[in-house]
Amino acid sequence: MGFFSKIRQWFLPNEMPPVSEKTELEILEEEAQPMETEVLVEENPLSEEEQQFAQIKQLIASDDMSNHELAAMFMLGLELEWDDEMYGMVEQSAEKMTFWAEKEENDAFLNHFEQLIISPKFFGQYSEIATFAAILPKFKRIEELQWKAKHYWNQHPVLVAASELPNLKRLYVEDCRMNFLPESLTNATSLEELYLSNNKLTEMPADLGQLVNLRILDLTSNELKNCPRSVCDIKRLEVLKMQHNPMVDIEPRMLGRLYRLRDLELPEVVAKFNLDNLKDWLPDVDFDKPYWKFD
């Protein structure tokens, strides 16, 4: 007897309702009527295990967290494993991610996620931000985190938690009106790509040099009035984008410390005025790209 069959048995009444007895006349009338032959064709009927799995998926698809409690109990009793559809149902909600991350013996769940996208609907209320940030470091295999919730939610608790992800390589925090970057993010030493365009940043953390593996930094469309000195401490930086910032000038000598830089984008006025000096200090940058062709 299957697990769900046992569950159903707990709720069934002990006695079946009495069946009404037919009179002899009713029986004779039924026998006199012509029989209709029905052919029932059941294509690929689901096994009991498949039915149970489908019912569990319905529980996980629900936004009622009591249904997730039931799903967790059934999965434990049936010793079932997650599939991609179930992961997809959960990864769109902070409340669901938090619930399942806190379950015992859930290594398979935690190790599944290598990418996480936080959409505007990811959080249902502000209290979920802190609780989700508390469990985020458990997802140790995450390599890419995308904040797509824009300015609708406070991204800073999540960014602080993201600094504890040991394998985080790519971080996207764009178009969310962020005016400062948490200092703790410089502890994410595995970070290789950092995209911060379309924000309101006026400065950068002082210890950016700790991001020893960072190769790409996108600061396009912020409020930077000069190139932050800490940016020039990122020794492995290969791509630096700072277009559409209110810069009035830069120091080519300071940028020259980025000896691995291959691609550089600056506000046009600053780039045009300093082009000759930039070529001297950054011999490996490709100044033949269309971006560097001025009228």
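Some points to look at:
- Shape box of the stretch 84-124 [Cα atoms, principal axes, largest first, Å]: 30, 17, 16
- All Cα pairs of the stretch 179-278, percent lying beyond 24 Å: 13 percent
- Ranking by accessible area, most exposed first, for Asp83, Asp288, Asp249 with a 1.4 Å probe: Asp288, Asp249, Asp83
- When the surface is traced with a 1.4 Å probe over the full set of protein chains, Arg177 keeps roughly 150 Å² accessible.
- Debye-sum result for the stretch 88-219 in log10 I(q)/I(0), which assumes one identical scatterer on each alpha carbon, at q = 0.09, 0.17 Å⁻¹: -0.24, -0.87
- Share of carbon and sulfur in the accessible heavy-atom surface of the stretch 148-295 [1.4 Å probe, %]: 45 percent
- Under the Debye formula (equal points on every Cα, no solvent term), log10 I(q)/I(0) of the stretch 235-295 at q = 0.16, 0.22 Å⁻¹: -0.44, -0.88
- Under 11 Å, Cβ to Cβ, from Met89 - net charge with Lys/Arg +1 and Asp/Glu -1: -3
- The mean sequence distance of close C-alpha pairs (under 8 Å, at least 6 residues apart), as a share of the length of the stretch 166-258, puts its relative contact order at 24 percent.
- Extension gain, Glu193 to Phe180: 0.36 nm times the residue separation minus the Cα-Cα distance gives 2.9 nm.
- Between the beta carbons of Glu50 and Gln125, assuming R0 = 35 Å, the FRET efficiency works out to 0.45 to the nearest 0.05.
- Efficiency of FRET from Cβ geometry, His112 and Tyr152, R₀ 25 Å, rounded to 0.05: 0.40
- Heavy atoms of Met73 accessible to a 1.4 Å probe, total area in Å² rounded to 10: 90 Å²
- For the stretch 179-232, convex hull volume per residue from C-alpha positions, Å³: 66 Å³
- Pairwise label distance in nanometres, Glu104 with Asp286, each label 7 Å out on the Cα-Cβ vector: 5.6 nm
- Listed residues Trp281, Trp147, Trp153 arranged by accessible area, highest first, probe 1.4 Å: Trp281, Trp153, Trp147
- Per residue solvent-accessible surface (Å²) - the stretch 158-295, probe of 1.4 Å: 49 Å²
- A crude spin-label estimate for the pair Asp207 and Glu164, with each label 7 Å from Cα along the Cβ direction, gives 1.6 nm.
- For the stretch 86-165, the spherically averaged projection of the C-alpha convex hull amounts to 4.7 nm².
- Of Lys235/Lys279; Lys235/Lys293; Lys150/Lys235; Lys150/Lys289; Lys200/Lys279; Lys57/Lys121, those spanning more than 23 Å from alpha-carbon to alpha-carbon: Lys235/Lys293; Lys150/Lys235; Lys150/Lys289; Lys200/Lys279
- Other residues within the sphere of radius under 15 Å centred on the Cβ of Ile135, judged by their own Cβ, net out at -2 (K and R +1, D and E -1).
- Extension gain, Ser62 to Glu143: 0.36 nm times the residue separation minus the Cα-Cα distance gives 26.3 nm.
The values are calculated or read from the model by the stated rules, or taken from the named source; none is laboratory data. Bear in mind the structure is a predicted one, so any value in this text is a computation, not a measurement. Don't worry about glycine lacking a Cβ; one is built from the backbone with ideal geometry, like all the others, and counts go over all protein chains shown. We work out accessible area using only protein heavy atoms, side chains counted, and drop any ligands, DNA or RNA first. Shrake-Rupley method; radii C 1.70, N 1.55, O 1.52, S 1.80 Å.
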